[in-house]
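*Asks:* One structure coming up, written as structure tokens, with questions to follow.
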Amino acid sequence: MSEKEGKTAKRSEPQTFSKLYLISYNTIQTLGWSYLLWQSLVHFLNRGTLDTYWEEIKWTVIIFQNAAVLEVLHAALRLVPSGVFVVLMQVYSRVFLVCGVLLATPGGTVSPGLPLCILAWSITEIVRYAYYAVNLVKTVPQPLLFSRYSTFLVLYPLGITGELLCMSKWGHGLTADVNDYVDNTVDMLVPFIQSNGLDPMNLPEVIEGFEVKPLLITYSAWLKIYDGTMKGLVNLSRSGDQKVNYFAKMLRVRVELQFKDLEINYKYLVKVMNLGPTGGIVGSLSRFVVIDILIDFNNDEVQLQQFSLTDIGRLRVRLTGNILVDWLINPVINIFLRIFDTVIMKVVEVNIRSAVQSGIDFLNTNLQDAINHLESFN
């Protein structure tokens, strides 16, 4: 073996070992959290109570939750691309609840919030660790990919509610600031947006008639815009403080996200007396989206209470390609602005709402049985 080949082999050995280690770690965690979910379901299906629940699952939770501390070491050693501080914050909240609340205070272990935590944590971690394991060998099945970037819409607020209840007295309305959770999940929304065809998003073709009067004569004309796309929905961030409220067995999550640097591109064709130029229209703006989700434990379902695109702001428009004569520029821009408000943004809102609703429907289908069995806590 040449010296060059020897150096290459030495460099590849740690990578191979790291990969095998991470596959093993994620597989063990997947099995551990699956066992915890199985323990929980068996406990309550056999009419177990909250008084005995913690003793049933205690060591499984302690072992596999505290094992997540290794993920901070993984980030520090650069075995994974995640930042150390981000991983530390994610792991800290769970470990604190287990070691600082459940092991230190008797009230948390008999709280109705505990099974909510375990349900949300278990499903989240089974999906997450399974995804990490199979992704290392580049064989991620589509259902797992979809679950990885959609189940958090409900499981994260469900877990937050459980954590709040474990640290609070049962029966009172609770409100919490969930900024950290929203910030940590924004990156997970990007693949969800892309996999649902939202970025880039195809926009509708529209034909609109109008009149122009270059001199003393009024002419009929029409504008056709086509091959439209919107880009930039992946450029999102939290806007303001995000709140979750729990009261009377209902969890309400209101999320406000800001989209920056949205860009709309269209081709256009203008005809005046069967004559006219073609070109492009480029529009840019920033928008907000408000999502209001209600988790009703009385009816065992997740509902999308409100979804709206608000704070339109000012749309900046420029024309590309052939230069329009002065008496056509303003009519074309004004018509496009009217189409933008009455047609384009309605389509964008419907498409985003449909994607969110499909994610919620998927969760309702898969979580219904589990919620039915766990509802008897109260």
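*Asks:* With a cut-off of 17 Å, note down the residues of region 120-148 whose backbone N falls inside the zone around a label point 7 Å from the Cα of VAL190 toward its beta carbon.
*Replies:* 148
*Asks:* Quick one: if you stick a label point 7 Å off each Cα along the C-beta vector at ASN202 and ASN179, how many nm between them?
*Replies:* Each label point is offset 7 Å from its Cα along the Cβ direction, giving 4.1 nm.
*Asks:* Let me ask something else about it. Taking K and R as +1 and D and E as -1, what net charge do the other residues with C-beta under 12 Å from the C-beta of LEU236 add up to?
*Replies:* Net local charge, LEU236 excluded: -2.
*Asks:* Rounded to two decimals, what ratio of Rg to Rh does region 1-150 give with C-alpha atoms and a Kirkwood Rh? Kindly include the intermediate steps, with their values, before the conclusion.
*Replies:* Numbers: Rg = 18.6 Å, Rh = 17.3 Å.
My calculation puts Rg/Rh at 1.08.
*Asks:* Just to verify a number: FRET efficiency for LEU77 and LEU144, C-beta to C-beta distance, R0 = 25 Å, to 0.05?
*Replies:* 0.40
*Asks:* Right, next: Rounded to the nearest 0.05, what FRET efficiency do ILE23 and SER237 have when you use their Cβ-Cβ distance and R0 = 51 Å?
*Replies:* Efficiency for this residue pair is about 0.95.
*Asks:* Do the alpha carbons of any pairs in LYS231/LYS267; LYS267/LYS346; LYS138/LYS231; LYS260/LYS346; LYS231/LYS346 sit beyond 24 Å of each other, and which pairs?
*Replies:* From LYS231/LYS267; LYS267/LYS346; LYS138/LYS231; LYS260/LYS346; LYS231/LYS346, over 24 Å: LYS138/LYS231.
*Asks:* Net charge near VAL134, counting Lys/Arg +1 and Asp/Glu -1 over other residues with Cβ under 14 Å of its Cβ? Working shown, then result.
*Replies:* On the way: positive: LYS19, ARG128, LYS138, ARG148; negative: none.
Residues close to VAL134 contribute a combined charge of +4.
*Asks:* SER220 versus ASN330, label points 7 Å from Cα toward the beta carbon: distance in nm?
*Replies:* Simple spin-label model gives 2.4 nm for this pair.
*Asks:* Quick one: net charge of PHE307's neighbours, Cβ under 12 Å, K/R +1, D/E -1?
*Replies:* Numbers: positive: ARG254, ARG353; negative: GLU256, ASP292, GLU349.
Value of the local net charge: -1.
*Asks:* Between ARG353 and SER284, how high is the FRET efficiency from 1/(1 + (r/R0)^6) when r is the Cβ-Cβ distance and R₀ = 22 Å? Nearest 0.05. Could you put the intermediate results ahead of the total?
*Replies:* On the way: r = 23 Å, r/R0 = 1.03.
Computed FRET efficiency for ARG353 and SER284 comes out at 0.45.
Readers should treat all values here as calculations from the given coordinates under stated rules, not as data from a laboratory. This is a predicted model, so every value here is computed, not measured. Here Cβ is always computed from backbone atoms with ideal geometry, including for glycine, and neighbour counts include all displayed protein chains.
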